[in-house]
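Just below is one structure, and these are the notes that go with it.
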Amino acid sequence: MFSALEDYLALHTTLEFFSIAVSAMVFALGWNLRRSASGGAFTWLAVVALAVALIDLLHLLSYEGMPTLVTPSGPEKAINFWLAGRLLTALGLLGLVFVRPQPWRAASAVTALLLALALSAAVAWLGLFHADRLPRTFVPGEGVTGFKVAVEYGITLLYAVAAVLLLRTAIRQGRGALVWLAAAAWVLGLTGLFFTLYMSVTDVHNLLGHVFKVVASVMFYKAVFAAGVREPNAALERERALLRTMIDAVPDLIAFKDARGAYLGCNRAFSACYNLPEERLVGKTDAELFGAGMRLPAEPEDAPVVTRLERHEEWVEGADGSMRLLDTLRIPFRASDGELLGEIGVSRDFTERRRVRDQIAEREKRLMMALQGASLGVWDWDIPSGRMLFSPLWASMLGRRVEDLPPDIATWEALVHPDDWGDIQAALEPHLRGETDSYTAEYRLRHAGGHWVWVMDAGRVLERDDDGKPLRAVGVHQDISERKSMEASLLHLATSDPLTGLWNRRHFTEVVNGELGRVRRHGVQAGLMLLDLDHFKRINDTRGHAAGDEVLRHFAGIVSRHLREADVFARLGGEEFAVLLPCVDDAAGAVRAAERVRDLIASTPAIVDDVPLPFSVSIGVAMLDADDAGFDAVFTRADEALYEAKRGGRNRTVLSAPKEEAGSALESTEPA
């Protein structure tokens with residue numbers, strides 16, 4: 001190929017130097033990527049490339065025609081370093097298949113680097129000082145030896161195996177960079193075949209071997225560059241594009257600043273708000289863009305960006321001249337070592353929300369004023385969890401503080417009067433099932449002072465799930481104790497006699513009619529006593545009406561204290577009284593009860609002006625009959641018996657004959 005060694009030496013040096021430079025770049029690139037996600041693979045390639053670069057440098061300096069490097073240069077010396085470099089490269093590519101693409105610890109990376117340097121030093125020591133111990137690889141005039149050819153074939157086989165394994169790994173893991181390394185291994189295998197054929201260091205096979213080695217070096221570098229730089233940069237660019245799209249799609253105002261407060265960028269919403277393109281913002285501070293007044297008053301002069309998260313509200317003038325309320329979050333961002341790099345500002349337009357919030361607050365204020373004016377306490381019940389909230393007015397109705405009431409349905413349940421649960425459940429449960437539009441009930445709650453407070457409770461379910469089950473209910477309580485007291489007073493006035501406090505005729509009539517219904521349904525016995533004070537008009541005429549009233553009160557008190565709890569005592573008018581005797585055994589039992597009353601009155605005179613005033617009573621007794629149409633029927637029989645008692649001399653008891661014997665004589669009981 002070349003007529004003289006000197007003609008090839010410069011080209012050989014250039015080709016080898018190129019390969020060494022590429023190996024050095026692979027080392028520099030791989031070493032700087034050792035902390036990346038695939039740092040282990042890059043570190044492995046880096047230390048292998050460094051060792052190969054050093055050994056190739058020894059090969060270059062030992063080539064025939066080069067100056068003496070410790071020992072004279074020559075083919076034998078150069079081939080020894082050549083074979084060492086190629087063997088190390090083949091083993092390095094094979095080892096890469098088994099290296100996991102994950103970061104190495106710093107100690108592991110440094111250890112690998114030191115081992116690579118130690119291996120290079122060992123090869124140099126053996127090739128420079130103990131070459132005579134190595135087998136012959138080249139004979140001048142004859143070419144390479146059989147040993148050298150065998151070693152080249154062995155290395156070529158290693159390259160081929162490495163190429164196949166790397167290609168399979170690349171396909172399985174989807175790592176494109178490994179395809180380039182597989183190609184480099186294959187080309188290096190071809191390089192070894194050329195070096196089994198040359199007869200002289202200047203022939204064409206030697207040249208082709210070095211050229212193919214350069215091609216393989218380029219592939220080697222391309223693989224490392226693609227995996228370590230191009231692919232991460234492409235991924236980073238994709239992530240940046242995705243992030244930029246997301247930021248621009250956000251309606252909030254977003255801007256980025258460096259450590260001195262100059263803008264690094266912003267999103268579209270920020271640009272639109274201030275009518276400033278992003279390119280005009282970049283590199284400028286707020287003071288440069290908007291004037292010195294834009295600096296926040298709370299921000300010290302030497303702190304253009306925040307050092308900790310801050311949040312505040314601010315009014316700004318938009319591009320259209322309208323004032324906008326922004327809820328701004330200022331977030332510092334730092335490097336991995338903690339150095340402050342700048343801040344990110346995120347501002348949300350709060351104008352409409354503030355307006356709505358103010359409207360809601362105003363409405364709530366008016367509602368609370370209305371509720372307080374109407375003395376209405378509010379409750380809010382989360383039904384699935386049982387959580388119930390009470391308003392302060394609700395608690396004050398019961399003499400309590402809202403903070404002392406646990407926010408739970410059990411709090412309300414514990415305050416309800418036990419006798420009122422039936423009315424509450426009858427109204428509440430149908431509404432919870434969705435059978436009624438609202439819920440209303442009147443019941444009693446225990447006051448902190450121990451007494452009971454009547455409330456009118458009204459509410460409704462506001463939220464239900466897809467199955468119609470209630471989720472949330474809200475209602476109000478109104479204190480109706482005064483109304484209940486008034487109703488009770490009115491009821492008492494309407495159903496009682498004002499002089500004696502006994503039931504009046506109207507109420508007594510209703511009670512007797514009710515007892516008649518029980519007699520019809522259950523076949524029980526009940527009696528009616530009709531009582532009339534004897535010669536009462538004489539008392540009024542001789543002693544005065546005050547004395548008559550005192551006799552009536554005395555009579556009512558004496559009889560009331562000696563009746564059963566179930567008996568019903570009423571004043572029908574004037575000196576006429578009546579007693580309903582439910583659940584008596586028979587007519588004889590009713591007569592015995594009447595006689596006890598007659599004897600009691602006869603033996604217990606009234607005291608008027610400290611003077612005893614004796615008087616007596618006549619009693620007519622009738623039994624309630626299932627066939628009676630109502631009160632008037634049984635009253636008529638009792639009245640007839642009373643008339644008979646009066647006609648027979650007074651101070652006696654007369655029993656009316658049963659209804660079926662209405663025409664027969666009445667049974668009379670005279671005093672002993």
Relative contact order %, the chain, counting alpha carbon pairs below 8 Å whose residues are six or more apart: 6 percent
Kirkwood estimate for segment 17-98, i.e. one over the average of 1/r between Cα atoms, Å: 13.3 Å
Gain on full stretching of the segment that runs from Thr542 to His312 - 0.36 nm per residue minus C-alpha separation: 73.2 nm
In Å², nearest 10: area of Phe333 left accessible to a 1.4 Å probe: 60 Å²
Mean accessible surface per residue for segment 134-189, computed with a 1.4 Å probe while every protein chain stays in place, in Å²: 49 Å²
Spatially proximal lysines relative to Lys77 (Cα-Cα < 21 Å; intrachain offsets below 8 disregarded): Lys148, Lys213
Where GluC sites (Glu not before Pro) in DSSP loops with at most 10 other Cβ within 10 Å are excluded, longest remaining stretch of the chain: 143-300
Cα convex hull volume per residue for segment 461-519 (Å³): 144 Å³
In Å, descending, principal axis extents of the Cα set of segment 526-672: 48, 32, 29
q = 0.06, 0.07, 0.08, 0.09 Å⁻¹, the chain: log10 I(q)/I(0) [Debye, one scatterer per Cα]: -0.70, -0.79, -0.89, -0.97
Heavy-atom accessible area ranking, 1.4 Å probe, most first, across Met25, Met529, Met66: Met25, Met66, Met529
Table column - 3J(HN,Hα) (Hz), segment 136-143, Karplus curve with 6.51, -1.76, 1.60, x for Gly and Pro: 5, 10, 8, 10, x, x, 10, x
Per-pair calculated FRET efficiency, R0 = 51 Å: Arg354 and Arg334 via Cβ, rounded to 0.05: 0.95
Kyte-Doolittle mean at least -1.0 and Cα axial length at least 20 Å: DSSP H helices in the chain: 5-32, 39-61, 75-97, 106-129, 146-173, 176-194, 204-225, 231-249, 481-495, 545-561, 587-603, 631-647
Percent breakdown of C-alpha pair distances by 10 Å bin, ordered from the shortest bin, for segment 421-480: 22, 46, 24, 8, 1
Student exercise, segment 1-159 dipole from Lys, Arg, Asp, Glu Cβ charges, in Debye to nearest 20: 860 debye
Label-point separation, Val524 to Phe147 (7 Å along Cα→Cβ), nm: 13.0 nm
Distance (nanometres) between label positions extended 7 Å along Cα→Cβ at Glu278 and Thr440: 6.3 nm
Distance cut-off 18 Å, percentage of C-alpha pairs in segment 172-222 lying past it: 37 percent
Portion, in percent, of the accessible area of the chain that falls on carbon or sulfur, probe 1.4 Å: 58 percent
Average Cα contact separation per residue, segment 1-123, under 8 Å, 6 or more apart, as relative contact order %: 29 percent
Cα-projected label distance for Arg172 with Val611, points at 7 Å along beta-carbon direction, nm: 13.2 nm
Fraction in percent of alpha-carbon pairs per bin - 10 Å, segment 423-542: 10, 21, 21, 23, 14, 6, 3, 1, 0
Computed over segment 460-558: relative contact order in percent, which uses C-alpha pairs under 8 Å that are six or more apart: 15 percent
Solvent exposure ordering (accessible area, 1.4 Å, most first) of Trp315, Trp31, Trp82: Trp315, Trp31, Trp82
For segment 1-137, alpha-carbon Rg and Dmax in angstrom: 16.5, 54
Principal axis dimensions, segment 86-161 - Cα atoms, whole angstrom, descending: 51, 31, 14
Linear extension gain, Ala121 paired with Phe17, 0.36 nm per residue minus alpha-carbon span: 35.5 nm
FRET efficiency, 1/(1 + (r/R0)^6) with R0 60 Å, evaluated for Ser385 and Asp599 via beta carbons: 0.35
Cleavage-rule hits (trypsin sites (Lys or Arg not before Pro)) in segment 62-146: DSSP loop, at most 13 neighbouring Cβ within 10 angstrom: Arg105, Arg136
Computed lengthening from Arg240 to Arg401, 0.36 nm per intervening residue step minus Cα-Cα distance: 52.3 nm
Heavy-atom SASA rank of Leu91, Leu428 (probe 1.4 Å, accessible area, largest first): Leu91, Leu428
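The values are calculated or read from the model by the stated rules, or taken from the named source; none is laboratory data. The model shown is predicted, which means the values in this text are computed figures rather than measured ones. Note: ideal-geometry Cβ built from the backbone for every residue, glycine included; neighbour counts use all protein chains shown. Keep in mind that these areas ignore ligands, DNA and RNA; they rest on the heavy atoms of the full protein, side chains included. Shrake-Rupley method; radii C 1.70, N 1.55, O 1.52, S 1.80 Å.
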